[in-house]
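**Q** Please read through the structure below; I'll follow up with questions.
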Amino acid sequence: MKPAAGFGRRFFLSHDTMKSALFALLLWLIAAPSLAVLDPATVKQLAAEESDDRIAAIRKLAQTADPEALRVLKALSEDALHVAGDRIVAVEGDRVLDAISGRELKPAPENRDGITINNRIRGELSAALAVLRLFDPDRQTRLQAAQELAGSADAEMAPLLARALEKERDPRIGRILSLAHAQANLKNPDAAVRLAAVKALGESGNPNVKNLLAALTDKNAEPDEKVRIEAAASVRAVESRLAFGDNAGRVFSGLSLGSILLLAALGLAITYGVMGVINMAHGELLMVGAYATFAMQTVFRNHFPGALDWYVAAAIPAAFFAAALVGIVMERTVIRFLYGRPLETLLATWGISLFLIQAARSLFGAQNVEVANPAWMSGGIEIANNIVLPLNRIAIVGFSLFVLALVWVLMNRTRLGMFVRAVTQNRPMAGCVGVPTGRMDTLAFGLGAGIAGLGGVALSQIANVGPDMGQGYIVDSFMVVVLGGVGQLAGAVWAALGLGVVTKFLEGWTGAVIAKIVVLVFIIIFIQKRPQGLFALKGRFAEN
Amino acid sequence: MKRRHFIKALAVSASIAAIGAASFYAHAADTIKVGILHSLSGTMAISETALKETALMTIAEINAKGGVMGRQLEPVVVDPASNWPLFAEKSRQLLTQDKVAVVFGCWTSVSRKSVLPVFKELNGLLFYPVQYEGEELEKNVFYTGAAPNQQAIPAVEYLMSKDGGSAKRFVLLGTDYVYPRTTNKILRAFLKSKGVAEADIMEDYTPFGHSDYQTIIAKIKKFAGEGKKTAVISTINGDSNVPFYKELGNAGLKATDVPVVAFSVGEEELRGVDTRPLVGHLAAWNYFMSLKNGENDKFIKMYKDWAKKQKLPNADKVVTNDPMEATYIGIHMWKQAVEKAKSTDVDKVIAAMAGQKIKAPSGFEVKMDEKNHHLHKPVFIGEVKADGQFNVVWKTKGPVKAAPWSPYIPGNDKKKDEPDGK
């Protein structure tokens, strides 16, 4: 009785409502028959020399569906189960509990050795824990447990799954569980049960299930013909679902690469595309943005550790202004003297890029610096069994849309944008009507540089941040702008997304190395055939 | 008058310069110059910077104890910047201008291949501290890292064993250069000899510095979803490992489903990664920081103190790893060999290296083979823990002799187990 009381107490602490208390009582009633103190021999076996013995012990404990077993197995999976002499103890914070009785040991035994687990045992453990968690009162915990079991349920788990299924009120968890139950039933000796299971599994989108079903289409493995036919139909259904997932995943990774290319190239689309400055230091402006992000992270780590997860939000303006400042200084001191002389600009900006790389090396060191993803950007959303969308990439796609909207509004809806467009379209005329052309050049270049800085924030979240990180993006950025059509923001968008998706589909067939070559060759041919890019300016300014 | 004055001044300053130069040369004669050739910038800096620090630390340790044959060691550090031709240039500079007695350096095999002709031509001496693909045996090089039979083959055997998950399908994933290509050639032959079918092996490469691993992870998932238990063998090198492991964690590919065993990822490379989603992925090495023995405790403490003294970035969180241990072993062995030969002459030191022994931080006494210029080393396989350290799940009973000519490559059985021209 003791363990049940212990469980109930802990439970009350976390959820203090009448409803869950009722649930706990219900749970206790169901679990009660198996609720004895844990079998000491089984618990000791967890520390056995041979992995096989330990796995047998884990399975035995899982079969009890006892909350005490859950506690012990959880401790084992967290490396908190230790051997002290002939005793197995569980460490919870600074308390040391006897693993079998759950009582605290005072004084805590010295000379404890952690029980180490390897992958094989860890796999067994997570399955066992998932089964036990199916009886957890918390819906989220049960959902996770059910998802974990999907695809790995075997015949041994069938009775437990049936019990969990019976009790489950939540329709979503119920659906997942019934699939898992069907999977566990695939080896049932009764052909009718197998047939029902095979039919149900047609709804699944799990690659493991496909393999299990495919095995049942074989005459030697499955004696019943009806089951074989049904299995073949289910395999086709699962396969089409998997193929859809594959393609959806590829399109997403293409969009994600495209949005990164777009962020890298958007600044260049302004400085090169609109202003006509061949800025070889563009990659280094990305680097400035990335280092600004790193600096912000350091500031937050040292001064606001509580808000560390939100350093990225502060990094966005910091990176924009840092890169814009560098851009403005570049324009004022060097580039303005070289307008209309593209070759000299190219050489001068290349020199600036070397200067900036070396400056970063002196300031931050030659090694890469670590920029960590905030917690809310780690992990991914599982939208189907075979496709997980990483959160950091989703965030970057969203961010690139935001930057794109920002640039569009700035260029088309503000006075500054109108002046910039006026100056680039017809400089003397704009000057005549009173536009300060010199200052507009500086601001436009600063804007382009600042956008590059924003690109740097995004890059810092997925790539390495180091002094020469910009070098890898300069070619890609020019590729996007030239392919899209110089002078066209819309062109850059289509070119970036197109290149992203094409690269990802090519990588799927040929591998990353060949894909890169193929894309470059394609662009060379494309530029030969259509030098003006995807979208060309039409009208009388097109010649300039 | 003015002119005479000028000449006088010139004579005085010349004599001062001469004295200065003389004292400088006298000083130089007292020290032994030692070259350190590791990339301190570029894609390999993530791995190689720590090796430079280890070398400097070991040299300082030796100097504090009176140097080698009573002479202090004087390190000459150069930065070849992950640029392979620059490795050759810098090593030529070390050997001809600085006239170093020995060079400790290189990480990637492509950099080693790039400096080899220089060392052969000028009869220099190189200590190479990183595991590599074998297929090489040079008189001028001592290999203190692992040959394939001391790392790659045991790791794959472990994956195929019951405790390793009984893997039946393998993804060979690497950076596109000589080490991963050759290692994968050997592994492919090895897997075939174990009865793994061609269709159950997938091989894929990415360029140096590659940072977008979405497609590769998706491919691995698909490959793994075809039934049999799959394992990934990664020979990705340099800073690409950070985005690779980040993507792996984000995509939810767990070690219990598809374990990844890496040959070029250690404690140092994992420093920049959130290791919580990576628990259970593996690495095979001849040393782990988590090994418990007196030698290792000393080694770790020495490096931590060094990092603090040198104010290295994140000095409180520095880690030690296998190539650092190999660097440490190499420098000490060279010292022992010089003292045995009573000379820093390259040929004499090479002869004296044979059979040198040292108590290594791995807890074993490692020995330089009498013939083949490789160490006898123990092999460990570790699983990543949540704190970025490794949990040793398998190890050899003792040191294993290196087989630089892998028996899994046809024609190697006829090759001699010692360098030519010795």
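The values are calculated or read from the model by the stated rules, or taken from the named source; none is laboratory data. Here the structure is a predicted model, which means the values were calculated and not measured. Don't worry about glycine lacking a Cβ; one is built from the backbone with ideal geometry, like all the others, and counts go over all protein chains shown.
**Q** With respect to residue A:245, determine if the residue is in a helix (DSSP H, G or I), touching a strand residue (DSSP E or B) at 6+ places or on another chain (Cβ under 6 Å) and at pLDDT below 85. So that I can check it myself, show each step before the final result.
**A** Details: in a helix (DSSP H, G or I): yes; touching a strand residue (DSSP E or B) at 6+ places or on another chain (Cβ under 6 Å): yes; at pLDDT below 85: yes.
Spelling it out, residue A:245 is indeed in a helix (DSSP H, G or I), touching a strand residue (DSSP E or B) at 6+ places or on another chain (Cβ under 6 Å) and at pLDDT below 85.
**Q** Another one. With A:454, A:410, A:406, A:343 as the choices, which residue is more than 14 Å from chain B (Cβ to nearest Cβ), in a helix (DSSP H, G or I) and under 23 Å from residue A:501 (Cα atoms)?
**A** A:454
**Q** Hey, can you tell me all the residues within the stretch A:383-401 that are at pLDDT below 85, facing another protein chain (nearest Cβ under 7 Å) and assigned to a strand (DSSP E or B)? Give the steps one after another, and end with the answer.
**A** Taking the stretch A:383-401 as the starting set, the residues that turn out to be at pLDDT below 85 are A:383-388.
Subset that is facing another protein chain (nearest Cβ under 7 Å): A:386, A:388.
Of everything in the stretch A:383-401, just one residue is at pLDDT below 85, facing another protein chain (nearest Cβ under 7 Å) and assigned to a strand (DSSP E or B), namely A:388.
**Q** Among the residues in the stretch A:417-432, are any of a type in the set (Gly, Ala, Ser), assigned by TED's automatic domain parsing to the domain that holds residue A:459, over 39 Å from the mean Cα position of the chain (by Cα) and not in a helix (DSSP H, G or I)? Let's see the steps before the verdict.
**A** Of the residues in the stretch A:417-432, the ones of a type in the set (Gly, Ala, Ser) are A:417, A:422, A:430-431.
Still in the running and assigned by TED's automatic domain parsing to the domain that holds residue A:459: A:417, A:422, A:430-431.
Next, only the ones that are over 39 Å from the mean Cα position of the chain (by Cα) stay: A:422, A:430-431.
With not in a helix (DSSP H, G or I) added as a condition, the list becomes none.
Taking every residue of the stretch A:417-432 in turn, none turns out to be of a type in the set (Gly, Ala, Ser), assigned by TED's automatic domain parsing to the domain that holds residue A:459, over 39 Å from the mean Cα position of the chain (by Cα) and not in a helix (DSSP H, G or I).
**Q** Residue B:280 - would you say it is part of a loop (DSSP other than H, G, I, E, B), at pLDDT 85 or above and not hydroxyl-bearing (Ser, Thr, Tyr)? Spell out the reasoning first.
**A** Numbers: part of a loop (DSSP other than H, G, I, E, B): yes; at pLDDT 85 or above: yes; not hydroxyl-bearing (Ser, Thr, Tyr): yes.
Spelling it out, residue B:280 is indeed part of a loop (DSSP other than H, G, I, E, B), at pLDDT 85 or above and not hydroxyl-bearing (Ser, Thr, Tyr).
**Q** Moving on to the next point. Working only within the stretch A:359-380, note down all residues that are more than 24 Å from residue A:451 (Cβ to Cβ) and more than 10 Å from chain B (Cβ to nearest Cβ).
**A** The answer is A:362, A:376.
**Q** Name the residue that is farthest from the other protein chains (Cβ to nearest Cβ), counting only residues in the stretch B:247-268 that are modelled with pLDDT of 85 or more and not in a loop (DSSP other than H, G, I, E, B).
**A** Checked the stretch B:247-268; the qualifying residue farthest from the other protein chains (Cβ to nearest Cβ) is B:262.
**Q** Give the residue that is farthest from the other protein chains (Cβ to nearest Cβ), with candidates limited to residues of the stretch A:197-211 that are part of a helix (DSSP H, G or I) and not polar (S, T, N, Q). Can you show your working first?
**A** Of the stretch A:197-211, the ones part of a helix (DSSP H, G or I) are A:197-201, A:207-211.
Add one more test, that the residue is not polar (S, T, N, Q), and what stays is A:197-201, A:207, A:209-210.
Details: A:197: 19, A:198: 17, A:199: 22, A:200: 20, A:201: 15, A:207: 3, A:209: 10, A:210: 8 Å.
Step by step, filter the stretch A:197-211, then rank; the result is A:199.
**Q** Still on this structure, please answer the following. Give the number of residues within the stretch B:293-315 that are free of Cβ contacts under 8 Å to residues at least 40 places away in the same chain and part of a loop (DSSP other than H, G, I, E, B).
**A** Going through the stretch B:293-315 one residue at a time, the tally reaches 2.
**Q** A further question follows. Being within 21 Å of the chain's Cα centre (by Cα), assigned to a loop (DSSP other than H, G, I, E, B) and within 14 Å of chain A (Cβ to nearest Cβ) is the filter here, so list the residues in the stretch B:375-403 that pass it.
**A** B:388, B:389
**Q** While we're on this one: Any chance you could count how many residues in the stretch A:107-135 are more than 8 Å from every other protein chain (Cβ to nearest Cβ) and either assigned to a helix (DSSP H, G or I) or in contact (Cβ under 8 Å) with a residue 40 or more places away in the chain (or both)?
**A** Let us first name the residues in the stretch A:107-135 that are more than 8 Å from every other protein chain (Cβ to nearest Cβ), namely A:107-115, A:117, A:121, A:124-125, A:127-135.
Restricting the remaining residues to those that are either assigned to a helix (DSSP H, G or I) or in contact (Cβ under 8 Å) with a residue 40 or more places away in the chain (or both) gives A:115, A:117, A:121, A:124-125, A:127-135.
Counting residues in the stretch A:107-135 that are more than 8 Å from every other protein chain (Cβ to nearest Cβ) and either assigned to a helix (DSSP H, G or I) or in contact (Cβ under 8 Å) with a residue 40 or more places away in the chain (or both) gives 14.
**Q** What about residue B:121, is it out of contact with any strand residue (DSSP E or B) (no Cβ under 8 Å at 6 or more places or on another chain) and at negative phi? Before the answer, list the steps.
**A** On the way: out of contact with any strand residue (DSSP E or B) (no Cβ under 8 Å at 6 or more places or on another chain): yes; at negative phi: yes.
Yes.
**Q** Where in the stretch B:128-211 are there strands (runs of 3 or more DSSP E), lying wholly inside it, with at least 2 residues that are more than 14 Å from chain A (Cβ to nearest Cβ)? Full working, then the answer.
**A** On the way: elements: B:141-143, B:169-175, B:201-206.
Ranges flagged: B:141-143.
**Q** Same structure, new question: Conditions first: (1) more than 11 Å from chain B (Cβ to nearest Cβ); (2) surrounded by fewer than 24 Cβ atoms within 10 Å (Cβ to Cβ); (3) out of contact with any Leu (no Cβ under 8 Å at 6 or more places or on another chain). Residue A:494 passes all but one, so which condition is the exception?
**A** (3)
**Q** Quick one: in the stretch B:223-246, of everything that is more than 9 Å from chain A (Cβ to nearest Cβ) and over 25 Å from the mean Cα position of the chain (by Cα), which residue is surrounded by the fewest Cβ atoms within 10 Å (Cβ to Cβ)?
**A** So, considering only residues that are more than 9 Å from chain A (Cβ to nearest Cβ) and over 25 Å from the mean Cα position of the chain (by Cα), the one surrounded by the fewest Cβ atoms within 10 Å (Cβ to Cβ) is B:229.
**Q** Restricting the first residue to the stretch A:283-295 and requiring it to be within 15 Å of residue A:473 (Cα to Cα), which pairs with a second residue that is outside any helix (DSSP H, G or I) and among the aromatic types (Phe, Trp, Tyr) meet a Cβ separation below 6 Å and a spacing of at least six or different chains?
**A** none
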